[in-house]
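The values are calculated or read from the model by the stated rules, or taken from the named source; none is laboratory data. These numbers were taken from a predicted model, which means no experiment stands behind them. Cβ placement follows ideal geometry from the backbone for every residue including glycine, while neighbour counts extend to all protein chains displayed.
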Amino acid sequence: MSGRAGERLAQLRAELDRLSHEYYVLDAPTRSDEEYDRLFRELLEIEAEHPEWVTPDSPSQRVGAAPAAGFAAVRHAEPMLSLGNAFSDEEVLAFDRRIREQLGGGEKPVRYSVEPKYDGLAISLRYEAGRFVQGATRGDGQTGEDVTSNLRTVRAIPLRLRTDEPPELLEVRGEVLLYKSDFERMNAEQSARGEKIFVNPRNAAAGSLRQLDPAATARRPLRFLAYGIGASRGFDVPPTQSGLLDALAAFGMPVGERETRVGATELLAYFAELGARRVSLPYEIDGVVYKVDERRDQQRLGFVARAPRFALAHKFPAQEAETELLDIEIQVGRTGALTPVARLAPVFVGGTTVSNATLHNEDEIRRKGLLIGDRVVVRRAGDVIPEVVRSLPEHRPAEGEPGHERLREFRMPQHCPVCGSQAAREPGEAAWRCQGGLVCAAQRKQALLHFGQRRAMDIDGLGEKIVEQLIARDLVHSPADLYRLDADTLAGLERMGEKSAARLVAAIAASRTCSLARFLFGLGIRHVGEEIARILAAAFGSVEAIMAADWAALQEEKTRLQKENTRRRAKGELLEPDPFEGIGPEIISALQNFFGEARNREVIAELLAAGVAIEPAAPAPAPTIVADGDARATLAGRTFVLTGTLPGMSREEAAGLIRAAGGTVSGSVSARTSYVVAGEAAGSKLARAQALDIPVIDEAGLLALLAGGET
Ligand code: IVH
C-alpha cells in the first residue's frame, strides 16, 4: 500500500477497527452508524480500486469484532452475516435493478419479503430435535459468545419447538430487544432503586443479555423476534422467505410483522408507510429490510464478502430535534486535547433526553457557523453520542430583540481550563492542546505512567492502580513529586505491603540516574518518541542545552539547510549533514510549546533538584551543524535501516554504534534512507530498499563506514 490512497486506507482500517471495538465489544459506541457506514464505504471504494490491498484483517473481511471475555466462544454452524445498507431511494432502485439484471428477468418485477429492521442484538438459537440447546451472540459473524443460560430466561424464546416432527437441527436467527414500554418501566424501576439508567432500549437489551448472572437477565423483560435461519438438518426449508417466517411462527417462534411487496416502487411505499408508523410500533426499528422472497433466486444471487446480495437494509435518517445552544464548554482529555462540548437546553431526540453534545473542535464550530445562544438542530442516530448538526440563523434575535444579548461567538481559550497552562494548536492539527503536560490534573495519570514506563525512567512497580491512588490522595502532582515519596506513605496505599512499598521507593531512587534520551522521552512531549528523543539527546548533549535552545532559530536553520541541500543535490554535490535529521517542523513546534510553558520548566528544575542525574549523552556537539569529517560524527546526516540477523552483533548493538557515530536509525525504508544494513533472513525492508534503489550493505560494510571509509 502506498501513496495517499494507501495511507487513507490504513487510517480507515484503524478507525473502523476502533469503532467496531467500541460498538461490538465494549457496547459503548462513540460515533453514529452513519459515520461508520460512511467510512466503511470509503474503505470499500479504495479496496475496489486496489483489490491487491485487501488483506484478511481488513474490516471489509469481517462483520464485527472478537467476543469479550466472560462468556465461552461459540462457532456458528453457518456464519451470521450482515446486510448492505441504503440511505436513499436511488440506492434502493439500483439494488432492485441489479437483482433483475442478475436474475435475467429483465423488466419483470421481483417479489420481496419486507420486514422491519429491529434495533436490538442479533442472536442465533440452536434447536436440536426441537429443543433449545444453545444461544449465541453474533460476535464477529463466525464466532459469538455463548449466552445460552441468559437466553433461557427470555420468555419469548420457546424452549421447545411446537411441532410433533421437529427437525434434527435448526438454527433460528433473530433479534433480542426490549419493547419500548418495558424499557421505560425498567428504567423507572432502576431509577427508584438508585441504579443505572439506560440511554435506550438497544443499550438496555445489550446490557441485560450480557449479564454474567442469568438471574439478573431474568429480571429484565427481554424479547426476541425471529427473521431467518442458519444451518438446518431434516428441515424442509420453505421455498420463500415469507413462507419461512410463517413456518417459524408455526414452530412457536415470535416473528415480527411481515408482508411481501412486488417491485421497487412498492418497496419505497412500504418504507414510507412503516416510517410513518414507526413511533407507534412497540419496538424500536432503524429501517426496513428487503429480501428477495424466492429462496431459489436468493441462492442464485449469492453473497458478497460480508452480506447476501439478495437483501438490503434501507435505513431511516437519524432523528433530529431543535433546541438552544446554551454554552460551549471545554473538556480536557487525558492527553491534553481541548474538546469543545455543547451545553444544550434538554431535548428529547432519538429516544433519549440530550443535554450535551461534542463539537469535536474549533473548525467544526466555525464550519457550522454556531453562535452561543443559537437555536440548533441536534441529531441522534441509534446508539450514539448526539451531535449538533447546524444552527438556525433565521431564528437569531435581531439587535434590540430579547435574547440578542445572549448571542456570542465562541473563542477557543488560550489557556487550559483545568491547569491554566498555555493552550496551542499545532500546525496541521484540528485540536488545541494544553501544553502543561507535566502539571495538568487532566493529564496527570497519563503523564506519570508515561514517565515511569520501562522505556522511559523505568520505575518498576509504578502501575496504573498505584498512580491512581497517588493522584486520588493528592500525594503526587507532577513526576518530581515521585522522588519525595517515602516507604511509610506508600505502605498506606491499597495492595501495597511494606515490602512492595520499599521496592517501589528503591525503584524510584534507582531511576534518578538515567540517560538524556530516556529523560526526554519520559517528559511526554508531543511527537517526541524514543527515536526523536535520542536524536535530540545526541544533538544537544544536556538538558540545560535543550532548555536554552532557540527553537525558532533552529527552524530557520533547518529551512536553510533544506534549500542548500536541494541545490547541492541538483548539482550532484555532497550534501551538508543535518544533525537534526528526522526533526521536522511539527516536532520543533511541539518542543517550543513544551519548553515555552514555564511550569513544565519548573517541574524539570524540580526533578534535577530532587537528584535526577542525567548522564551526559556521548556525542554532544553544540546545536549547530556538525562539520564534515568530525571524528565523532562520521555518520552524521545519514539514516540507516537495519534488517535481518547480523553475524557479529545484535541489531541493538549495531543501532548503538550508528547513533554513537552521529547517524540515525529508522524503522522503515523511505526515499530518505541512506543505507539498509541487511543480515541473514532480511525481509520486506530489503525488497523495499531494492525497489527504491537504496544502497544495501552488510555488517562488514557498516563497520567500514564506521571506520570512516565509504562503501
Ligand atoms: S436478515 C443474511 N432481517 O440487522 C442477513 N436482519 O445488518 C441476515 N436485523 O445484526 C440479517 N432486523 O440482526 C435481517 N428483519 C431483519 C432484521 C435484521 C434487524 C439486524 C440483524 C443484523 C443486522 C444486519
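Annotations
- Checklist (1) closer than 20 Å to Asp578 by Cα; (2) touching a helix residue (DSSP H, G or I) at 6+ places or on another chain (Cβ under 8 Å); (3) of a type outside the set (Ser, Thr, Tyr) applied to Ala678, failing item: (1)
- Residue in region 100-118 that is within 16 Å of the ligand (Cβ to nearest atom) and not in a strand (DSSP E or B) present: no
- Condition check for Ala156 on (1) modelled with pLDDT of 85 or more; (2) within 16 Å of the ligand (Cβ to nearest atom): one failure, at (1).
- Screening the candidates Gly130, Gly141 for the property of being in contact with a Pro (Cβ under 8 Å, 6 or more places away or on another chain) and near the ligand (Cβ under 10 Å from one of its atoms) yields one hit, Gly141.
- Single match in Arg454, Arg433 (criterion: of a type in the set (D, E, K, R) and surrounded by 17 or more Cβ atoms within 10 Å (Cβ to Cβ)): Arg433
This table checks each residue for (1) within 16 Å of the ligand (Cβ to nearest atom); (2) within 16 Å of Gly130 (Cβ to Cβ).
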site	(1), (2)
Leu177	yes, no
Glu184	no, no
Lys196	no, no
Arg202	yes, no
Asp213	no, no
Arg219	no, no
Arg223	yes, no
Pro239	no, no
Ala247	yes, yes
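- The lone criterion from (1) at pLDDT 90 or above; (2) in a helix (DSSP H, G or I) left unmet by Asn565 is number (1).
- Hits in region 194-237 - residues which are surrounded by 15 or more Cβ atoms within 10 Å (Cβ to Cβ), over 18 Å from Arg155 (Cβ atoms) and without any contact (Cβ under 8 Å) to a residue 60 or more places away in the chain: Phe198, Gly228, Ile229
- Single residue of Val304, Val255, Val262, Val288 found to be closer than 17 Å to Arg173 by Cβ and touching a residue at least 12 places away in the same chain (Cβ under 8 Å): Val255
- Considered as a group, the residues in region 268-297 that are closer than 17 Å to Ala94 by Cα and within 12 Å of the ligand (Cβ to nearest atom) include one that is surrounded by the most Cβ atoms within 10 Å (Cβ to Cβ), and that residue is Tyr290.
- None of Ala533, Ala510, Ala501 is under 34 Å from the mean Cα position of the chain (by Cα), of a type outside the set (Phe, Trp, Tyr) and farther than 20 Å from Arg444 by Cα except Ala533.
- Odd one out for Val377, checked against (1) exposed (fewer than 12 other Cβ atoms within 10 Å of the Cβ); (2) within 30 Å of Glu429 (Cβ to Cβ): (1)
- Region 673-684: number of residues that are modelled with pLDDT under 85 and surrounded by 12 or more Cβ atoms within 10 Å (Cβ to Cβ): 1
- When restricted to residues that are within 12 Å of the ligand (Cβ to nearest atom), crowded, with 16+ Cβ neighbours inside 10 Å and part of a loop (DSSP other than H, G, I, E, B), region 298-317 contains 4.
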